[in-house]
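This report refers to the structure that appears directly beneath it.
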Amino acid sequence: MKPKAIALIKTRTMPQMLFALILGFAFLLAQAMFANARGAPESFADLADQISPAVVNITTSTTVAGRTGPQGLVPEGSPFEEFFRNLPAPDGAPRRSSALGSGFVISEDGFIVTNNHVIEGADEILVEFFTGGELPATVIGTDRNTDIALLKVEADGPLPFVPFGDSDAMRVGDWVMAMGNPLGQGFSVSAGIVSQRGRALSGAYDDYIQTDAAINRGNSGGPLFNMDGQVIGVNTAILSPNGGSIGIGFAMSANVVTSVVEQLQEFGETRRGWLGVRIQDVTPDVAEAMGLEEAAGALITDVPAGPAEDAGMLAGDVILSFDGADVSDTRELVRRVGNTAVGKSVRVVVFREGQTQTLLVTLGRRETAEGAIPAAAVPEEEVTEQNMLGLTLSPITQALREELQLQAGIEGLVITDVDGASEAYEKGLRAGDVITEAGQQAVASIADLETQIEEAKEAGRKSLLLLIRRAGEPRFVAISIE
């Protein structure tokens, strides 16, 4: 310690010295906590040793028809390849095709989770264990919607397995570790962090964890672990321009996977809840037109015969809450409904005509209702053509009904032309669309539409909500009436 510092301490009173010591201790403690929160683990070796015995390599074999084309006749990329493209292969006989992937054991009696695309169409599935040895596997069930498959092997004794963790507890920046069989190189470990949560790729039930832990071909179906050795995701896809890892990988969240696995174990198939509505997101202009305080929830555009209709739901209702949980958008509602048991009665809070209502809905099964088609039965009416809101509107005449192939019961106003400089055009309205509702009220004439415009203005609204049908598909659009 420098003499000047010693002199300074000596000139302080005892309370000042005590305060300085406490302050210094607090500063050191805060530094230690900050370093611990941000610092990387000293090593991942203990975690790797813990989870490795439960991770497996998966090899599939499939019989495919005899090839046609230039394979084997000229080198790939040869300038003569085009001349031989349509010629049969030398033997033309069926051949065996192999594929590689990863998986992990979830119970000591041999249940194994992997991706559906790893084993889809396979004639034979062979599971290789980290500790050595191979066993054939049978498919218990698959789910294409989440790309999850459940396999089963029969072993002589209990197998090492890993538990699922709570993927919802993971935060952006948390450490994770992936393990699998990248590029067929055998068991391999990579580490990184959670880059983002709640990613959607293409499916209605997507809830992916994005990570920068290296994931390559062959990692598909392998586990993504938290630092407690719990599976918080199933490595499924990568975003890459060259087919290799660039630090953008996706793992289906464990909370989605566990629900699917439980159903596959019990039924050999998925049994998702079905509400029976067509929906769209609530945009800010739609929220303003309906008098909602915020742009949230799921706006019902149609109610076919099914659970929602039985419960009294109507097109134009906004679902704000499902089974006690707030609904932020359509994607969240679809996921919540799908993860709810078939036959369960749930309370659904809807916003209707400026007020909330609670409805009790008994869910059906999604898989048996995929082809449900809404039905309508309303009388036909005719009026003269008129221009308003940047639209040229006409009644549904028999000629228009045949031209647009409208169902016999469809009632409303046909858009015969749209001003290209209008807001209606900017929002996607086109000739051939049919307006069936305005201000959440059915319209059968120009007079009905004019009435709804006046009522919206009297209520201080700046826009009017229109229900549009195009090729039978409904969509809400808010149009300015100022």
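The values are calculated or read from the model by the stated rules, or taken from the named source; none is laboratory data. Predicted, not measured: the structure shown is a model, and the values here were computed from it. Ideal geometry is used to build each Cβ from the backbone, glycine not excepted, and the neighbour counts take in all protein chains shown.
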Limited to region 263-281, what total is found for residues that are in a helix (DSSP H, G or I) and within 19 Å of the chain's Cα centre (by Cα)?
1
Boolean, D281 is within 24 Å of V342 (Cβ to Cβ) and acidic (D, E)
no
Pairs, please: C-beta under 8 Å, at least 6 apart or cross-chain, first residue in contact (Cβ under 8 Å) with a residue 60 or more places away in the chain and in region 393-418, second among the aliphatic types (A, V, I, L, M)?
Q407/A376
Inside region 114-163, can you point out the residues that are closer than 30 Å to R366 by Cα, without any contact (Cβ under 8 Å) to a residue 40 or more places away in the chain and in a loop (DSSP other than H, G, I, E, B)?
E120, R144
Looking at (1) modelled with pLDDT under 90; (2) part of a loop (DSSP other than H, G, I, E, B); (3) surrounded by 13 or more Cβ atoms within 10 Å (Cβ to Cβ), which one does D109 not meet, given that it meets all the others?
(1)
Given the options V189, V176, name the one that is outside any helix (DSSP H, G or I) and modelled with pLDDT of 95 or more.
V176
Of all residues being farther than 24 Å from G132 by Cβ and polar (S, T, N, Q) in region 181-215, which is surrounded by the fewest Cβ atoms within 10 Å (Cβ to Cβ)? Just the residue, please.
S202
Scan of region 215-242 for residues that are at pLDDT 90 or above, of a type in the set (A, V, I, L, M, F, W, C) and not in a loop (DSSP other than H, G, I, E, B), ordered by number
L224, F225, V231, I232, V234
Being in contact with a Pro (Cβ under 8 Å, 6 or more places away or on another chain) and closer than 19 Å to A200 by Cβ is the filter; apply it to region 224-250 and report the residue that is surrounded by the fewest Cβ atoms within 10 Å (Cβ to Cβ).
N235
Please give the number of the condition D212 fails out of (1) of a type outside the set (G, A, S); (2) closer than 22 Å to V194 by Cβ; (3) at pLDDT below 90.
(3)
Helices (runs of 4 or more DSSP H) lying entirely in region 282-371 (those with 2 or more residues that are more than 21 Å from A204 (Cα to Cα) and in contact with a Lys or Arg (Cβ under 8 Å, 6 or more places away or on another chain)):
284-290
